[in-house]
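For reference, the structure is listed below as structure tokens.
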Amino acid sequence: MTQRKKVLLPALFKKALNGEPITWLTCYDYPTAYFQEQAEIDMILVGDSLGMTMLGYDSTLPVTMGDMIRHTQAVRRGAPTAFLVGDMPYMSYQASTEEAVRNAGRFMAEAFCDAIKLEGGAEMADRVRGIVDAGIPAIGHLGLTPQSVSSLGGFRLQGKGALQAKKIIDDAKALEKAGAFAILLELVPDRVCQLITERAENCLIMSLGSGPHAHGQLLIYHDMFGLYPKFTPKMAKVYGNAGEVILDGLKMYQLEVTSGEFPGKENYFGIKDSEYEELLDMLEE
Ligand code: KIV
């Protein structure tokens, strides 16, 4: 068991100040959270990407607050000291600030989160302000924002052109002004990410596929270990192919049961002869 103290906001800002990159991963279940806790990952995001990685949808759009709360609670049980971020699912904050505050509050009260994340730029600044004013730390998300994948034209690099890059930089400032303590930049060119990091005054800039010039890095856990069968994004680093290990094991189990090799003597338990005889007598009565 890790002896780590609970990761709180001052510890994250201290790391940034000391130039130590912050580690952040997605996680959706108890056993994975347990491992991430042992590895002393600083931050965990229960992303609405669970709609794709855990529930098998083609997008994040069908994910509900109920789905998010259930998975976030399990993650918190496995990772009691990580800085836990709940991802606001589609239509849990877009309609009004009041609804955004209420749903952000559910993450804190029902799943013991430390912060929430929501997608969008200047147009979401009032939601961020409302949530922060309610005492809830908020993280913005710019660049490739999966809930808007349809209007962004697919899962692709954002901010390639100067005009679009300028908009992302302006959006980052608007979110910081609204009180976001961190902003995730997903699939933004590295030098655009660097410009935003250099301009951030009191805001942690986190990179997902946006290069090294940020205060920390985020990766999708399923991409790191070959656990999402449909695709692995180009920018993801694969640290091991757990999917392959699992599939090999499943095929072996199928063969061994079919051939009678499983179960072996070590996989089951017997009953004493005397008890067995007594049982047979009872059945004959
Ligand atoms: O849902 C999620 O995992 C996310 C990441 C793609 C950043 O929002």
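The values are calculated or read from the model by the stated rules, or taken from the named source; none is laboratory data. Predicted model only: the values in this text are computed from it and were never measured. Positions of Cβ are backbone-derived with ideal geometry, glycine not excepted, and every protein chain shown enters the neighbour counts. Accessible surface is based on the protein model in full, side chains and every heavy atom, while ligands, DNA and RNA are left aside. Shrake-Rupley method; radii C 1.70, N 1.55, O 1.52, S 1.80 Å.
Taking every Cα-Cα distance in the chain and sorting them into 5 Å bins starting at zero, the pair-distance distribution P(r) comes out as 1, 5, 11, 15, 17, 15, 11, 6, 3, 3, 3, 3, 2, 2, 1, 1, 0, 0 percent. If you roll a 1.4 angstrom probe over the protein chains with everything in place, what fraction of the accessible area of the chain belongs to carbon and sulfur, to the nearest %? Carbon and sulfur: 58 percent of the exposed surface of the chain. The value given for the stretch 121-172 is a Kirkwood hydrodynamic radius of 12.2 Å, derived from the mean inverse Cα-Cα separation.
Heavy-atom accessible surface of residue 96, to the nearest 10 Å², is about 40 Å², with a 1.4 Å probe and all protein chains retained. Using a Debye calculation, one point per C-alpha and no hydration shell, please list log10 I(q)/I(0) for the stretch 154-197 at q = 0.31 Å⁻¹ in order. Results for the stretch 154-197 at q = 0.31 Å⁻¹ read -1.19. Using the alpha-carbon positions of the stretch 67-148, Rg (one decimal) and Dmax (whole number) come out as 12.1, 35 Å. Counting every pair of alpha carbons in the stretch 127-285, the share spaced more than 24 Å apart comes to 56 percent.
When nucleic acids and ligands are ignored and a 1.4 Å probe is applied, residue 152 ends up with an accessible area of around 50 Å².
Under the simplified labelling scheme, the residue 276-residue 150 pair shows an inter-label distance of 6.4 nm, with each label point 7 Å from Cα along Cα→Cβ.
Let me check I've understood the local charge: for residue 197, count other residues with C-beta under 13 angstrom from its C-beta, Lys and Arg +1, Asp and Glu -1. What total comes out? So the surrounding residues net to -1. Note that the stretch 1-157 presents 43 Å² accessible area per residue, ligands and nucleic acids not counted, probe 1.4 Å.
Apply 1/(1 + (r/R0)^6) to the Cβ-Cβ distance of residue 122 and residue 254, taking R0 = 41 Å, and write down the FRET efficiency to the nearest 0.05. Write down the numbers at each step before the final one.
Working: r = 54 Å, r/R0 = 1.31.
Efficiency at R0 = 41 Å is approximately 0.15.
What do you get for the angle between helix 242-259 and the principal long axis of the chain? Use alpha-carbon atoms, 0 to 90 degrees, nearest ten. Roughly 20 degrees, rounded to the nearest 10. Taking amide H as placed 1.01 Å from N in the peptide plane, residue 42 has its amide H under 5 Å from the amide H of 23, each at least 5 places away in sequence or on another chain. For residue 183, the residues whose amide H sits under 5 Å from its own are 140, 204, 205, 206, ignoring neighbours fewer than 5 places away on the same chain, with H placed 1.01 Å from N. From the alpha carbon centroid of the stretch 142-183 to that of the stretch 221-257 is 31 Å.
Given R₀ = 41 Å, what would the calculated FRET efficiency be for residue 246 paired with residue 198, taking r from the Cβ atoms and rounding to 0.05? The value I calculate is 0.45.
With q set to 0.15, 0.18, 0.28 Å⁻¹, the log10 of I(q)/I(0) for the stretch 168-222, from the Debye formula over equal scatterers at the Cα positions, is -0.35, -0.49, -1.11. Taking the DSSP bridge list for the chain and keeping only pairs wholly inside it, about 5 percent are antiparallel. Here, P(r) means the percent of Cα pairs in each 10 Å bin from 0 to the largest distance; for the stretch 34-105 it is 20, 46, 30, 4. Counting only protein chain heavy atoms and rolling a 1.4 Å probe, the accessible areas of 76, 191 rank, largest first, as 191, 76. Of 272, 177, the order by accessible heavy-atom surface (1.4 Å probe, DNA, RNA and ligands excluded), from most exposed downward, is 177, 272. A simple charge model with +1 on the Cβ of Lys and Arg, -1 on the Cβ of Asp and Glu and nothing else charged puts the dipole of the chain at about 2020 debye relative to its Cα centre. At q = 0.11, 0.13, 0.25 Å⁻¹, what log₁₀ I(q)/I(0) does a Debye calculation on the Cα points of the stretch 140-232 give, no solvent, two decimals? For the stretch 140-232 at q = 0.11, 0.13, 0.25 Å⁻¹, log10 I(q)/I(0) is -0.30, -0.42, -1.31. The orientation-averaged shadow of the Cα convex hull for the stretch 9-154, equal to a quarter of the hull surface, comes to 8.8 nm².
Rounded to the nearest 10 degrees, the inclination of helix 65-78 to the longest alpha-carbon principal axis of the chain is 70 degrees.
Return one whole number: the accessible area per residue of the stretch 221-269 in Å², for a 1.4 Å probe.
Numbers: 3980 Å² over 49 residues.
Using a 1.4 Å probe on heavy atoms only, each residue of the stretch 221-269 averages 81 Å².
Taking the charge dipole of the chain about its Cα centre, with +1 at Lys and Arg Cβ atoms and -1 at Asp and Glu Cβ atoms, the residue from 38, 115, 202 reaching farthest to the positive side is 202.
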